[in-house]
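J.: Following this message is one structure expressed as structure tokens.
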Amino acid sequence: MNGAVIQRLIFSRGEFNLEIEKVEIQPGEVLGVMGKSGSGKTSLLQAISGFLSVSSGSIQVNGKEIGVFPPEKRGAVLVFQKPWLFEHQTVLENVCFGLKLQGKSKKECSDLAQQWLVKMEISHLENKRAWEISGGEAQRVALARAMAVHFPLILLDEPFSALDAPLRQGLRKLLKELISESKACGILVSHDWKDIQELAERVLVLSGGRVLALEKVSQIQNHSNAEVRAICAD
């Protein structure tokens, strides 16, 4: 099937255990993930992307088991709170980075990167060095770089938390449209309910490495579990 299926995933480190029985994500869908600090949100992203070794479980994308591959072969891209750009390269060169690793020609890289700069509404910055642009602009560059490689999984770890409210609102709306259009499967970790509300269709709520709830965003705030309601409060 198309989309992503995470099933019977178990990760252990010391006394902490993360267990996910089954989560499915449709192409173009963003799954929100919420929970208190230490609940396993970032560990989940790192396990899916291959940066943490799991004890057992299956991670399938478009019917293909990716859990057996190293991180660079999984078709998953991680976007963090901090953009992690190459500061002395231009914006265009930064967006070209992943495309070059895919073996595309210089012209292909440039053409695709420019297309994503247009989509992210930052084409006017293409010749600026990364250190010359603002934090909000840098996060758009990081997102353009992530989307340009057209991986089937895009993993977002608090990507808006360093931005002020007006920047967050515009970027959330734009990113939702682009993920839907690209048919990628998105997973968004955030402490901010508005991020989840505006980007995600469903939300996975974690506590101590266990799933407390997996519900539609529109229904989760009326959940019978008080802890779930508290985590997903405005």
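The values are calculated or read from the model by the stated rules, or taken from the named source; none is laboratory data. All figures in this text were calculated on a predicted structure; none of them were measured in a lab. Note that we place each Cβ from the backbone using ideal geometry, even for glycine, and neighbour counts take in every protein chain shown. All accessible areas refer to the heavy atoms of the entire protein, side chains included, with ligands and DNA or RNA removed. Shrake-Rupley method; radii C 1.70, N 1.55, O 1.52, S 1.80 Å.
J.: Which of the numbered conditions does residue 69 fail, given that it passes all the others? Conditions: (1) open to solvent by less than 80 Å² (accessible area, probe 1.4 Å); (2) in a helix (DSSP H, G or I).
T.: (2) is the only condition that residue 69 fails.
J.: OK, next. I'd like the full set of residues that are part of a loop (DSSP other than H, G, I, E, B), within 18 Å of the chain's Cα centre (by Cα) and not charged (D, E, K, R), limited to the range 122-169. Spell out how you get there, then give the answer.
T.: Quick first cut of the range 122-169, residues part of a loop (DSSP other than H, G, I, E, B) only: 122, 126-128, 133-134, 149-152, 158-164.
Subsequent filtering for residues that are within 18 Å of the chain's Cα centre (by Cα) retains 149-152, 158-163.
Within the range 122-169, 149, 150, 151, 152, 159, 160, 161, 162, 163 qualify.
J.: Working only within the range 116-161, note down all residues that are over 23 Å from residue 189 (Cα atoms), among the β-branched types (Val, Ile, Thr) and out of contact with any Lys or Arg (no Cβ under 6 Å at 6 or more places or on another chain).
T.: 118, 133, listed by residue number.
J.: Further, regarding this structure: Can you report the number of residues in the range 1-53 which are under 13 Å from residue 214 (Cβ atoms), open to solvent by less than 10 Å² (accessible area, probe 1.4 Å) and not hydrophobic (A, V, I, L, M, F, W, C)?
T.: Looking only at that region, the number is 2.
J.: Still on this structure: Suppose the filter is modelled with pLDDT of 90 or more, among the basic types (Lys, Arg) and on the phi > 0 side of the Ramachandran plot; does residue 183 pass it?
T.: yes
J.: Another one. Filter the range 105-121 down to the residues that are at pLDDT below 95 and part of a loop (DSSP other than H, G, I, E, B) and list them by number.
T.: 120, 121
J.: Show the residue pairs that are 6+ apart or on different chains and have beta-carbon atoms under 6 Å apart, the first residue being within the range 43-59 and at pLDDT below 95, the second being open to solvent by 40 Å² or more (accessible area, probe 1.4 Å) and charged (D, E, K, R).
T.: Partner pairs satisfying both residue conditions: 57/8.
J.: Also, I was wondering about something else. Is there any pair linking a residue in the range 64-87 that is charged (D, E, K, R) to one that is assigned to a loop (DSSP other than H, G, I, E, B), with Cβ under 6 Å and at least six apart or on different chains, and which?
T.: 74/50; 74/66
J.: Considering only the range 182-234, give the helices (runs of 4 or more DSSP H) lying wholly within it that have at least 3 residues that are in contact with a helix residue (DSSP H, G or I) (Cβ under 8 Å, 6 or more places away or on another chain) and either among the basic types (Lys, Arg) or buried (at least 23 other Cβ atoms within 10 Å of the Cβ) (or both). Talk me through it step by step, then tell me what you get.
T.: On the way: elements: 193-199, 217-220, 226-231.
Where helices (runs of 4 or more DSSP H) fall fully within the range 182-234 and carry at least 3 residues being in contact with a helix residue (DSSP H, G or I) (Cβ under 8 Å, 6 or more places away or on another chain) and either among the basic types (Lys, Arg) or buried (at least 23 other Cβ atoms within 10 Å of the Cβ) (or both), they are 193-199.
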